[in-house]
Amino acid sequence: MRTHYVAELESVRQNLIQMGETTIALLSAAVGAVADPNSASAARASELEAETDRQHRLIRDQCLNVITLQAPVARDARLVTGVLDAIVDLELVGDYACEIVTLGSSMRRRPPSQISTRVAEVGTKIAACLTTAMESWRMGDRDQALSVRLLQSALRAECENLYEKLSQLVSEPSEGLACVDMMLICRHFERILRHAICVADQAAEAAPTSHPE
């Protein structure tokens, strides 16, 4: 029975990692839609979002099964509760990323190319934070997970600076509508950053400790 229990916990962790990979792919599609929007990216994003929803349900049911049948304690309990929290954050990242793809693909006018490039660059940095967060789940590396939070202030400042720049351009008739959409995209990236930080924090909490429990 213990062997089965350990295998079930590992299955939960591996499924979380797979959901993370799907979400990262969706976020990459969102960054691509900002830099170079096309209809194919919208269709791909829809498929990936549906997959994250399916993975969320699967992992939630697995976690509830472990809690109900095994009543995990100590480190195992931290793992299960951390996974339950992480899948919520990953699903929200997917929702925001899909919305970014929709906004990017439906723009009738494009903002200045340097603005689009800067927004895409920030999105890439935020995607890298989520990648690091998921890698810390994969490796059980607490220090790696904690390193993600150190990037939060600088990336939030970049988002705010871009938002302010875009808000100044809104008053220009030729740029207004496109800049409003890009402002929404900036806000979505900032929200994704917050959820990526949460995923990293949950990985740090679930990581093995240096002392026995």
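Looking at the stretch 33-49, can you tell me whether even one residue there is touching a Gly at 6+ places or on another chain (Cβ under 8 Å), of a type in the set (D, E, K, R) and over 19 Å from Ala207 (Cα atoms)? Walk me through it before giving the result.
Residues of the stretch 33-49 touching a Gly at 6+ places or on another chain (Cβ under 8 Å): 33-34, 37, 41, 48-49.
Add one more test, that the residue is of a type in the set (D, E, K, R), and what stays is 49.
Next, only the ones that are over 19 Å from Ala207 (Cα atoms) stay: 49.
For the stretch 33-49, residues touching a Gly at 6+ places or on another chain (Cβ under 8 Å), of a type in the set (D, E, K, R) and over 19 Å from Ala207 (Cα atoms): present.
Can you spot a residue in the stretch 82-97 that is in a helix (DSSP H, G or I), at pLDDT 90 or above and of a type in the set (Ser, Thr, Tyr)?
In the first step, residues of the stretch 82-97 are kept if they are in a helix (DSSP H, G or I); the result is 82-97.
Add one more test, that the residue is at pLDDT 90 or above, and what stays is 82-97.
From the residues that got through so far, the ones that are of a type in the set (Ser, Thr, Tyr) too are 96.
Yes, because at least one residue in the stretch 82-97 is in a helix (DSSP H, G or I), at pLDDT 90 or above and of a type in the set (Ser, Thr, Tyr).
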* **Test set (1) modelled with pLDDT of 95 or more; (2) touching an Asp or Glu at 6+ places or on another chain (Cβ under 8 Å) - Ile24 fails condition number** => (2)
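Residues Glu190, Glu158: which one is farther than 30 Å from Leu79 by Cβ, crowded, with 18+ Cβ neighbours inside 10 Å and under 19 Å from the mean Cα position of the chain (by Cα)? Steps first, answer last, please.
Working: Glu190 fails: farther than 30 Å from Leu79 by Cβ.
Within the list Glu190, Glu158, the selection yields Glu158.
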* **Inter-residue pairs, beta-carbon under 9 Å, first touching a residue at least 60 places away in the same chain (Cβ under 8 Å) and in the stretch 29-41, second of a type in the set (Lys, Arg), 6+ apart** => Ala29/Arg44; Pro37/Arg110
* **Considering residues of the stretch 35-55 that are of a type in the set (A, V, I, L, M) and modelled with pLDDT of 90 or more only, the residue surrounded by the fewest Cβ atoms within 10 Å (Cβ to Cβ)** => Ala50
* Asked: Among the residues of the stretch 45-83, which ones are among the basic types (Lys, Arg) and free of Cβ contacts under 8 Å to residues at least 24 places away in the same chain?
  -> Arg54, Arg57
* Taking Val6 as meeting all but one of (1) in contact (Cβ under 8 Å) with a residue 24 or more places away in the chain; (2) in a helix (DSSP H, G or I), write down the number of the exception. => (1)
* To do: Tell me which residues, restricted to the stretch 56-75, are part of a helix (DSSP H, G or I), farther than 11 Å from Val12 by Cα, modelled with pLDDT under 95 and not polar (S, T, N, Q).
  => Ile67, Leu69, Ala74, Arg75
* Asked: When you go through (1) loosely packed, with under 14 Cβ neighbours inside 10 Å; (2) free of Cβ contacts under 8 Å to residues at least 40 places away in the same chain; (3) not charged (D, E, K, R) one by one for Pro208, which number turns out not to apply?
  -> (2)
* Asked: In the list Met139, Met134, which residue meets the criterion of being without any contact (Cβ under 8 Å) to a residue 60 or more places away in the chain and within 16 Å of Met19 (Cα to Cα)?
  -> Met139
* Count of the stretch 183-212 residues which are out of contact with any Phe, Trp or Tyr (no Cβ under 9 Å at 6 or more places or on another chain) and under 23 Å from Gly32 (Cα atoms) -> 6
* Which residues, counting only those in the stretch 68-79, are surrounded by fewer than 21 Cβ atoms within 10 Å (Cβ to Cβ) and touching a Leu at 6+ places or on another chain (Cβ under 9 Å)? -> Gln70, Pro72, Asp76
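The values are calculated or read from the model by the stated rules, or taken from the named source; none is laboratory data. The structure presented is a predicted model; accordingly, all values stated were derived computationally and were not measured. As a convention, Cβ positions derive from the backbone with ideal geometry for all residues, glycine included, and neighbour counts pool all protein chains shown.
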